[in-house]
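Working notes, structure below.
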Amino acid sequence: MTAITTEPTTTDNDVQETTTSFTGQFIWIDPRDLIIDPYNHRKRRGDDDNGTEPDPALIDSVLEFGVHTPLLLRPQTGAQDGLLGVVFGQRRMKAALIAAKKAVAAGEPVQMVPAIVREDLRDADDEALALSVIENVHRREASTLDVLDAAEQLALMPVGKLKRERAARALGISPEEITAAPQAAKLSEKALREATTADFDLVEMADYQTVEEVPGALSKLRGAKTRDTKGGDDKRGNWAHSLAELRQTQQEQQERERIVKELAEQGIQIVVWRAHRENDKSRILADLVTDIGNPMTAEHHARCPGHAAALAPGEVEVEWICTDWKRYEHELTDEATAASKKGRSTPEELDARRKVIRYNKAWRTARGVRQEFIAKVCAANGEADDATWTLLLSVITGTSIHYGRHASNPKTELISAFLGLPDPNKDRTQWNRVKNPYARLIATTPKSRRWRLLLAQVAAMFESENMHDGAWRNVDENCVTWLSFLKGQGYTLSEVEAEVLADGLKRYRPARQKK
């Protein structure tokens with residue numbers, strides 16, 4: 001930590017005040033005796049000198065008048081013990097070295113450079129780095145990459161929370177951005193330029209890096225940031241949903257690539273997916289039966305010459321196909337036979353099918369973002385607000401079958417996740433569950449925060465009983481209650497959640513009484 005000295009000063013009213021200053025010593029030193037401090041922030045990046053080299057004007061000035069602005073130095077340790085390193089003033093030092101070389105060649109004395117030696121920075125690498133960056137970020141040449149480089153180094157330093165927070169304030173960023181910097185630093189040069197142009201902070205850059213290869217990722221995240229900014233959402237709600245969608249897309253792409261590779265290795269033909277095959281020579285195996293009338297499976301069909309697979313757009317499940325069911329003498333199920341007589345699916349039927357696929361996917365993707373938000377609410381300090389207590393007491397004292405059914409469920413996975421704890425019943429069967437899984441938490445939780453345990457239980461009830469995969473199709477009143485509560489707590493609804501809530505409110509909102 002930086003050492004300081006305290007000196008009394010006297011005001012006009014003879015009242016003593018206290019001022020502080022760092023511990024340092026002014027010296028004149030030969031520039032040839034100096035090295036660049038390892039934590040001097042300004043450095044070369046490949047062919048880019050990043051302003052580390054003195055320009056002709058600075059060199060001319062030093063040749064003519066010498067260096068007049070002091071460099072900041074600190075004693076080195078380890079292999080460089082005994083030397084002084086330049087924390088900032090690297091360009092002035094290099095200009096002085098050029099001047100010294102010319103002076104020696106001309107047989108003239110070398111001009112000394114002024115410097116302040118900070119003994120208190122001897123082992124304070126984090127503060128040396130912060131001071132170097134502060135000097136640079138206020139220069140015209142400073143860039144986002146300067147701050148990113150410094151934050152990345154700070155993230156890797158074994159310093160305490162308070163020192164990290166202090167360094168973050170000095171850099172004009174948040175502690176979360178320092179934590180995110182190593183991930184953000186993995187951005188490609190192109191993606192970094194894009195993120196800088198989009199005014200992403202380091203946390204957002206780190207998020208973008210994880211999905212930068214997904215088509216449309218930049219546009220989607222930029223739009224989400226704009227919506228959050230315009231809506232005053234400092235919790236990045238829209239960003240969280242967009243990021244979750246991109247990660248889901250990324251996972252699906254990776255899974256599709258794995259499946260295609262696996263099918264190719266097995267020598268299985270991959271055919272183009274089509275929405276309907278009612279009157280086509282190719283049929284999905286679900287439309288076929290075996291020779292004795294059992295459902296046709298991929299295992300049963302594996303030896304058929306027409307054995308093939310298809311992948312629907314946006315899906316990662318294999319749809320097994322027979323490329324010519326009549327030629328290979330298969331029979332249709334009764335349902336498939338009836339569908340063939342009916343003819344092709346109507347556009348309305350196809351649209352309905354596509355809607356189900358889209359909504360199922362969107363509903364599942366939103367769940368992860370929603371449950372992360374629930375965990376944050378359950379981790380909040382202090383007393384619960386009135387809305388939370390009203391919800392808790394209404395559910396617990398109510399007569400809904402959902403709460404009773406959930407309370408008798410021995411699973412504790414969701415409750416534990418919302419409380420930020422490992423599941424005490426993980427890998428246990430329903431017959432050897434821990435009888436009092438949260439006893440320690442109950443004993444150590446202050447009275448003002450005990451509501452968190454109740455909210456975790458009630459939240460687990462809503463999530464398992466009322467927010468399951470098919471909940472968006474048949475919205476019940478509990479779903480409306482839960483989404484309304486979360487929205488009131490600051491949760492940003494996804495597009496599908498907002499639509500479901502709007503429809504549910506029309507159905508369940510009590511009619512206003514006439515005056």
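The values are calculated or read from the model by the stated rules, or taken from the named source; none is laboratory data. Since we're looking at a predicted model, the values are computed, not measured. Neighbour counts run over all protein chains shown; Cβ positions are idealised from the backbone, glycine included. These accessible areas exclude ligands, DNA and RNA; they are computed on the full protein's heavy atoms, side chains included. Shrake-Rupley method; radii C 1.70, N 1.55, O 1.52, S 1.80 Å.
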| If you check 109, 56, 114, 75, which single one turns out to be surrounded by fewer than 20 Cβ atoms within 10 Å (Cβ to Cβ) and within 12 Å of residue 31 (Cα to Cα)? | 114
| task | Among residues belonging to region 154-182 that are in contact with a Pro (Cβ under 8 Å, 6 or more places away or on another chain) and open to solvent by 20 Å² or more (accessible area, probe 1.4 Å), point out the one that is nearest to residue 217 (Cα to Cα). | result | 155
| task | Scan the helices (runs of 4 or more DSSP H) fully inside region 406-515 and keep the ones with 2 or more residues being of a type outside the set (A, V, I, L, M, F, W, C) and exposed (fewer than 12 other Cβ atoms within 10 Å of the Cβ). | result | 439-444, 495-508
| message | Within region 118-126, does at least one residue satisfy the condition of being open to solvent by less than 10 Å² (accessible area, probe 1.4 Å), modelled with pLDDT of 85 or more and more than 30 Å from residue 201 (Cβ to Cβ)? | response | no
| Would you call residue 369 modelled with pLDDT of 95 or more, more than 21 Å from residue 469 (Cβ to Cβ) and surrounded by 14 or more Cβ atoms within 10 Å (Cβ to Cβ)? | no
| query | If we scan region 270-284, do we find a residue that is acidic (Asp, Glu) and at pLDDT 85 or above? | reply | no
| query | Which of (1) over 30 Å from residue 494 (Cα atoms); (2) open to solvent by 70 Å² or more (accessible area, probe 1.4 Å); (3) part of a loop (DSSP other than H, G, I, E, B) is the odd one out, the single condition residue 299 does not satisfy? | reply | (3)
| task | Being touching a helix residue (DSSP H, G or I) at 6+ places or on another chain (Cβ under 6 Å) and either not aliphatic (A, V, I, L, M) or not in a strand (DSSP E or B) (or both) is the filter here, so list the residues in region 315-332 that pass it. | result | 316, 320
| task | Write out, first by first residue and then by second, each pair whose Cβ atoms fall under 8 Å of each other, whose residues are 6+ apart or on separate chains, and whose first residue, in region 414-429, is closer than 14 Å to residue 373 by Cβ while the second is assigned to a loop (DSSP other than H, G, I, E, B) and open to solvent by 50 Å² or more (accessible area, probe 1.4 Å). | result | 420/379
| query | Does residue 375 satisfy being surrounded by 13 or more Cβ atoms within 10 Å (Cβ to Cβ), under 23 Å from the mean Cα position of the chain (by Cα) and free of Cβ contacts under 8 Å to residues at least 60 places away in the same chain? | reply | yes
| query | Considering region 83-103 alone, what residues qualify as being open to solvent by less than 40 Å² (accessible area, probe 1.4 Å) and of a type in the set (A, V, I, L, M)? | reply | 84, 86, 87, 93, 95, 96, 99, 100, 103
| query | Does region 249-266 hold any residues that are touching a residue at least 40 places away in the same chain (Cβ under 8 Å) and of a type in the set (D, E, K, R), and which are they? | reply | 252, 255, 256
| request: Could you check how many residues of region 312-352 are open to solvent by less than 100 Å² (accessible area, probe 1.4 Å) and either closer than 30 Å to residue 291 by Cβ or touching a residue at least 60 places away in the same chain (Cβ under 8 Å) (or both)? | output: 24
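Every residue, every condition in (1) buried (at least 16 other Cβ atoms within 10 Å of the Cβ); (2) closer than 18 Å to residue 494 by Cβ; (3) not polar (S, T, N, Q), yes or no:
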residue: 226; (1), (2), (3): no, yes, no
residue: 247; (1), (2), (3): yes, yes, yes
residue: 251; (1), (2), (3): no, yes, no
residue: 255; (1), (2), (3): no, no, yes
residue: 258; (1), (2), (3): no, no, yes
residue: 263; (1), (2), (3): yes, no, yes
residue: 271; (1), (2), (3): no, no, yes
residue: 283; (1), (2), (3): yes, no, yes
| task | With the checklist (1) more than 15 Å from the chain's Cα centre (by Cα); (2) buried (at least 16 other Cβ atoms within 10 Å of the Cβ) in hand, flag the one item residue 185 doesn't pass. | result | (1)
| said: Looking for something open to solvent by 50 Å² or more (accessible area, probe 1.4 Å) and over 28 Å from residue 361 (Cβ atoms) - is there at least one such residue anywhere in region 304-311? | reply: yes
